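First up is the structure itself, then whatever we jot down about it.
The values are calculated or read from the model by the stated rules, or taken from the named source; none is laboratory data. These figures come from a predicted structure and were not determined experimentally. So basically every Cβ, Gly included, is an ideal-geometry build from the backbone, and we count neighbours across all protein chains shown.
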Amino acid sequence: MIQRTPSCIEARNTCSEPKLVPVTPAEPGWQEILSRSITTPSQLLSRLGLSVDDWKAGADAGHALFPIRVPEPYLDRIEYGNPHDPLLRQVLPIDSEAQAAPGFVSDPLQEDAAIAAPGLIRKYKSRALLMVTGQCAINCRYCFRRHFPYQEHRLGREDREKVVDTLMASPEINEIILSGGDPLAANDRLLAQWASLLDSVPHLRRLRIHSRLPVVIPGRVCSELTDWLSASRLQKVLVVHINHAAEIDSATRTAMARLAKAGVTLLNQSVILRGVNDNTTALCNLSEALFDAGIMPYYLHAFDPVTGAHHFDVSDQRATELVREMQGQLPGFLVPKLVRELPGQASKTTLDLGRR
Ligand SMILES: *Cc1c(COP(=O)(O)O)cnc(C)c1O
Ligand code: SF4
């Protein structure tokens with residue numbers, strides 16, 4: 001979900017003296033990194049030097065409802081020993097996850113009602129979501145899809161024909177959004193097959209990818225990925241998902257530069273989250289860091305009332321106030337649109353910022 005930007009990365013990294021490059025052992029591939037992710041409360045706490053007495057019980061309770069999953073490259077960006085780290089907050093379950101809260105439900109977006117074909121969700125006129133995998137590289141505690149029955153909607157080989165038939169019969173759809181789960185958790189062979197199938201639907205113009213993987217494991221942007229992207233006749237857009245400037249490191253910037261070079265327009269969507277980015281400084285720093293990485297801010301999502309995540313809730317009044325403050329500090333193109341998805345609407349709904 002991002003706009004194309006010139007990459008200012010290479011220029012910044014140039015150095016006048018050629019340096020001796022040490023011989024490094026072969027880097028593990030992204031799938032191996034993914035398979036070595038931390039997946040238990042004890043591992044997470046000990047890796048980050050956090051007190052078992054303070055955090056273990058809550059982590060266990062949340063983990064039982066929605067398992068922990070954090071790959072190493074993301075852990076690397078979390079400050080050791082800091083329980084308030086904004087990246088940690090996104091991945092560490094706490095005791096309030098197990099508590100019910102009034103108004104918080106398991107399917108706030110009512111996506112169950114919009115299935116057009118197996119794995120194809122269509123709510124808006126010109127674009128539809130294709131759920132290529134139910135897997136994610138990271139389990140975000142606030143995820144509005146944490147209760148979504150992915151296994152029931154995941155695409156099988158036999159469903160491809162039905163999807164293509166549906167698309168052929170729907171000339172108003174000009175854009176397909178690869179979604180999930182995280183679509184880039186699928187392997188490139190499968191994704192390349194989808195891309196070439198979609199290429200063959202004449203009225204499609206754009207292929208969009210909604211993914212958090214290039215941030216979570218920057219090594220995901222490998223040559224196999226850029227190869228099939230470059231080969232597609234469709235215009236490519238990646239909407240990455242970054243909530244805090246500290247998620248962007250040099251590896252992320254390199255990954256983004258590779259995608260830009262493969263002809264991909266880069267956009268970002270964030271969720272406003274209490275304790276992560278609910279202050280003007282964090283949001284402005286995020287926009288600046290995104291632009292540095294060649295990514296344009298696209299959406300800032302108002303919080304969806306999903307069960308188990310009420311401790312992240314930021315009121316609409318506070319969210320609009322924050323975006324007004326961003327407007328006072330940033331050029332217009334670095335201020336994301338504050339939106340919410342309301343069931344039954346023809347598009348996302350922009351929150352009214354009121355008068356300045
Ligand atoms: C958010 C969403 C889209 C994309 O909306 P844009 O405003 O085009 O970014 C498409 N389909 C569904 C079902 C969505 O939830
Ligand atoms: S990567 Fe996206 S879909 Fe997966 S858990 Fe995080 S927010 Fe949810």
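Restricting 346, 282 to residues that are surrounded by fewer than 22 Cβ atoms within 10 Å (Cβ to Cβ) and under 27 Å from residue 76 (Cα atoms) narrows the list to 282.
Exactly one residue out of 183, 202, 171 is within 16 Å of ligand 2 (Cβ to nearest atom), modelled with pLDDT of 95 or more and out of contact with any Cys (no Cβ under 6 Å at 6 or more places or on another chain), and it is 183. Summed over the range 330-343, the residues that are part of a loop (DSSP other than H, G, I, E, B), buried (at least 18 other Cβ atoms within 10 Å of the Cβ) and within 16 Å of ligand 1 (Cβ to nearest atom) give a count of 2.
Being over 13 Å from residue 299 (Cα atoms) and away from ligand 1 (no atom under 16 Å from the Cβ) is the requirement here; does residue 314 meet it? Yes.
On the stretch given as the range 66-89, residues that are in contact with a helix residue (DSSP H, G or I) (Cβ under 9 Å, 6 or more places away or on another chain) and closer than 21 Å to residue 278 by Cβ total 11.
Could you list, in sequence order, the residues of the range 171-189 that are over 15 Å from residue 234 (Cβ atoms) and in a loop (DSSP other than H, G, I, E, B)?
If the condition is that a residue be over 15 Å from residue 234 (Cβ atoms) and in a loop (DSSP other than H, G, I, E, B), then 171, 172, 180, 181, 182, 186, 187 are the ones that fit.
Of the residues that make up the range 121-135, is at least one surrounded by fewer than 16 Cβ atoms within 10 Å (Cβ to Cβ), at pLDDT 95 or above and out of contact with any Cys (no Cβ under 8 Å at 6 or more places or on another chain)? Yes, the conditions are met somewhere in the range 121-135. Residue by residue through the range 230-269, note down the ones that are touching a helix residue (DSSP H, G or I) at 6+ places or on another chain (Cβ under 7 Å) and more than 23 Å from residue 72 (Cβ to Cβ). Result: 232, 233, 234, 236, 262, 263, 264, 266. In the range 142-156, the count of residues that are at pLDDT 95 or above, part of a loop (DSSP other than H, G, I, E, B), in contact with a Ser or Thr (Cβ under 9 Å, 6 or more places away or on another chain) and of a type outside the set (A, V, I, L, M) is zero. Cβ separations smaller than 7 Å between residues 6+ apart or across chains give the following pairs from the range 258-284 residues that are more than 21 Å from residue 238 (Cβ to Cβ) to residues that are among the hydroxyl-bearing types (Ser, Thr, Tyr): 273/142. Name the single residue that is nearest to ligand 1 (Cβ to nearest atom) among those in the range 262-277 being surrounded by fewer than 19 Cβ atoms within 10 Å (Cβ to Cβ) and farther than 30 Å from residue 223 by Cα. Among those residues, the one meeting the criterion is 274.
The set of residues from the range 190-208 being in a helix (DSSP H, G or I) and among the polar types (S, T, N, Q) comprises 193, 196. For the condition over 17 Å from residue 178 (Cα atoms), among the charged types (D, E, K, R) and modelled with pLDDT of 90 or more, what is the one hit in 89, 160? That would be 89, the only listed residue that is over 17 Å from residue 178 (Cα atoms), among the charged types (D, E, K, R) and modelled with pLDDT of 90 or more.
Can you name the residue in the range 285-299 that is over 14 Å from the mean Cα position of the chain (by Cα) and surrounded by 24 or more Cβ atoms within 10 Å (Cβ to Cβ) and is also nearest to ligand 2 (Cβ to nearest atom) among such residues? Restricting to residues being over 14 Å from the mean Cα position of the chain (by Cα) and surrounded by 24 or more Cβ atoms within 10 Å (Cβ to Cβ), the top hit is 286. Residue count for the range 65-104 under the criterion of being of a type in the set (Asp, Glu) and touching a strand residue (DSSP E or B) at 6+ places or on another chain (Cβ under 7 Å): the result is 0.
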